[in-house]
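Notes follow once the structure below has been shown.
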Amino acid sequence: MSDPQNAAEQRIPVTVLTGFLGSGKTTLLNKLLRRPELADTAVIINEFGEIGLDHLLVEKSDDEGMVTLNSGCLCCTVRGDLVRTMSELFLKRARGEVSPFKRMVVETTGLADPAPILHTLMTDPLLASRYRLDGVVTTVDGVNGASTLDNHEEAVKQAAVADRILLTKVDIADAPKLAELKHRLHHLNPGAPFHTVATGEIDPNQILNAGLYNPETKSADVKKWLQAEAYEGSHDHGHGHHHHGHDHGDDHGHSHGNDHGHAHGEQDPHDVNRHDDRIRSFCMTFDEPMSWSTVAAAFDALVTYRGPDLLRMKGILNVKDTDKPVVIHGVQHVFHPPATLDAWPEGDDRKSRVVFITRDIGESTIRKVFASFFDAEKKGWGNAAEPAKPQ
């Protein structure tokens, strides 16, 4: 299955808006929908309570612009509702029964793990041909965010998998605590730029177009999507290149606390029992081209044994037998079909780069898995059935 830029341009970008209860998602959304940049936006709200569906049409940014899922939590049983709602909206749009919306926002309930929504967008054939994930935007309460992260693992996952993090209520937050929260979020997810939001106001351009495809240039913006440089800046280990791996020197295990934060020159105020001590974020670099069958087998092994703990992976690969870059994107045990881009980014050194956000898996563990597969390939392994190559 191919996913070239021209096909991506035709699909409707979907922003997944997540964040814990009370973090200001709805306030933010109400303000955003009044902005001209979101005038042609369909919204699906997954909310608690009995909210009817009969009055819901996509009409600009008034109340009727809300499309509401009538269930509490977007988990496996509700994914069908999401598929059905998004499919029906697309058909109504094609028939001219609703406004020709140009983008979609899915707001999750505050208790939701966003992974099932991402899985649905990545794997449902009907949706994948009509919509594309533009980005995950997570709101974090600038006043109560630290205690929420301490007490609720789902809130940590919401921040960890984000493409953009929005700090809300900064106008009433305590400045030192806010600075500490920013520091903590940067350690949790170095690759997500974060923005501050006061009274729900933010420039929509700071959160839209966060995905791989840039609608302005009509091409893939790999550097902006991967944010690989952010991970290099969040380590102070040596960056020695190895034959197959970018060595950061240690496993970032529990005993290290926040190994990937010393570059900031201050002690991170980590408590021993915090959920985010389990999260690791890092970017691995591979200097030499790799065979698709070997790298696919390595990912398959990781997914088979540690799928739930691979919170998010995205990368660009230099694959043998093609001079074009292959883009991969995975959330836990689900991978989007690999996409071949038309060309490498201008000035790119053609190294493979993969960003990992993991739970309870250190970087050296993943490096060892890849090394074992690369070593096996060198020794003549690889006669097994090959996975389907990207088109």
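Name the one entry in T148, T217 that is open to solvent by 10 Å² or more (accessible area, probe 1.4 Å) and in contact with a Phe, Trp or Tyr (Cβ under 7 Å, 6 or more places away or on another chain).
On the way: T217 fails: in contact with a Phe, Trp or Tyr (Cβ under 7 Å, 6 or more places away or on another chain).
Of T148, T217, the one residue that is open to solvent by 10 Å² or more (accessible area, probe 1.4 Å) and in contact with a Phe, Trp or Tyr (Cβ under 7 Å, 6 or more places away or on another chain) is T148.
Confirm whether A162 is in a loop (DSSP other than H, G, I, E, B) and buried (at least 23 other Cβ atoms within 10 Å of the Cβ). So that I can check it myself, show each step before the final result.
Working: in a loop (DSSP other than H, G, I, E, B): yes; buried (at least 23 other Cβ atoms within 10 Å of the Cβ): yes.
Yes; evaluated as a whole, the condition is true for this residue.
Could you tell me which residue of segment 187-233 is nearest to V355 (Cα to Cα), considering only residues that are more than 15 Å from the chain's Cα centre (by Cα) and assigned to a strand (DSSP E or B)?
A220
Return the only residue of F373, F356 being surrounded by 17 or more Cβ atoms within 10 Å (Cβ to Cβ), at pLDDT 90 or above and part of a helix (DSSP H, G or I).
It is F373.
Hey, W344 hits all of (1) modelled with pLDDT under 95; (2) touching a Ser or Thr at 6+ places or on another chain (Cβ under 6 Å); (3) open to solvent by less than 80 Å² (accessible area, probe 1.4 Å) but one; which does it fall short on?
(2)
Pairs please, first residue from segment 186-213 and free of Cβ contacts under 8 Å to residues at least 40 places away in the same chain, second anywhere and part of a strand (DSSP E or B) and open to solvent by 40 Å² or more (accessible area, probe 1.4 Å), Cβ atoms under 6 Å, 6+ apart in sequence or on different chains.
As it stands, the answer is none, since no pair meets every condition given.
Select from segment 274-291 the residues that are open to solvent by 30 Å² or more (accessible area, probe 1.4 Å) and within 23 Å of the chain's Cα centre (by Cα) and write down the one among them that is farthest from Y231 (Cα to Cα).
Looking only at segment 274-291, we keep the residues that are open to solvent by 30 Å² or more (accessible area, probe 1.4 Å), and these are 275, 278, 287-289.
Restricting the remaining residues to those that are within 23 Å of the chain's Cα centre (by Cα) gives 275, 278.
Numbers: H275: 20, R278: 17 Å.
Checked segment 274-291; the qualifying residue farthest from Y231 (Cα to Cα) is H275.
Which condition number in (1) among the hydroxyl-bearing types (S, T, Y); (2) over 20 Å from P337 (Cα atoms); (3) open to solvent by 10 Å² or more (accessible area, probe 1.4 Å) is the one that S129 fails?
Of (1) among the hydroxyl-bearing types (S, T, Y); (2) over 20 Å from P337 (Cα atoms); (3) open to solvent by 10 Å² or more (accessible area, probe 1.4 Å), only one is false for S129: (2).
Out of segment 86-115, which residues are touching a Leu at 6+ places or on another chain (Cβ under 7 Å), assigned to a helix (DSSP H, G or I) and buried (at least 21 other Cβ atoms within 10 Å of the Cβ)?
M86
Pick from G362, G315: which is modelled with pLDDT of 95 or more, closer than 24 Å to P193 by Cα and open to solvent by less than 30 Å² (accessible area, probe 1.4 Å)? Explain how you work it out, then say what you get.
On the way: G362 fails: modelled with pLDDT of 95 or more.
On inspection, the qualifying residue turns out to be G315.
Look at E180 and say whether it is open to solvent by 70 Å² or more (accessible area, probe 1.4 Å), assigned to a helix (DSSP H, G or I), out of contact with any Gly (no Cβ under 7 Å at 6 or more places or on another chain) and modelled with pLDDT of 90 or more.
Details: open to solvent by 70 Å² or more (accessible area, probe 1.4 Å): yes; assigned to a helix (DSSP H, G or I): yes; out of contact with any Gly (no Cβ under 7 Å at 6 or more places or on another chain): yes; modelled with pLDDT of 90 or more: yes.
Yes.
Limited to segment 324-338, what total is found for residues that are modelled with pLDDT under 90 and more than 22 Å from the chain's Cα centre (by Cα)?
Qualifying residue count for the region: 0.
Looking at segment 313-353 only, could you name the residues that are part of a loop (DSSP other than H, G, I, E, B) and polar (S, T, N, Q)? Give the derivation first.
First, the residues of segment 313-353 that are part of a loop (DSSP other than H, G, I, E, B): 318, 320-325, 332-333, 336-338, 341-351.
Of everything in segment 313-353, those that are part of a loop (DSSP other than H, G, I, E, B) and polar (S, T, N, Q) turn out to be N318, T322, Q332.
The values are calculated or read from the model by the stated rules, or taken from the named source; none is laboratory data. Predicted model only: the values in this text are computed from it and were never measured. Neighbour counts are summed over all protein chains in view; Cβ atoms, including those assigned to glycine, are modelled from backbone coordinates with ideal geometry. Note: areas computed on protein heavy atoms with side chains; ligands, DNA, RNA excluded. Shrake-Rupley method; radii C 1.70, N 1.55, O 1.52, S 1.80 Å.
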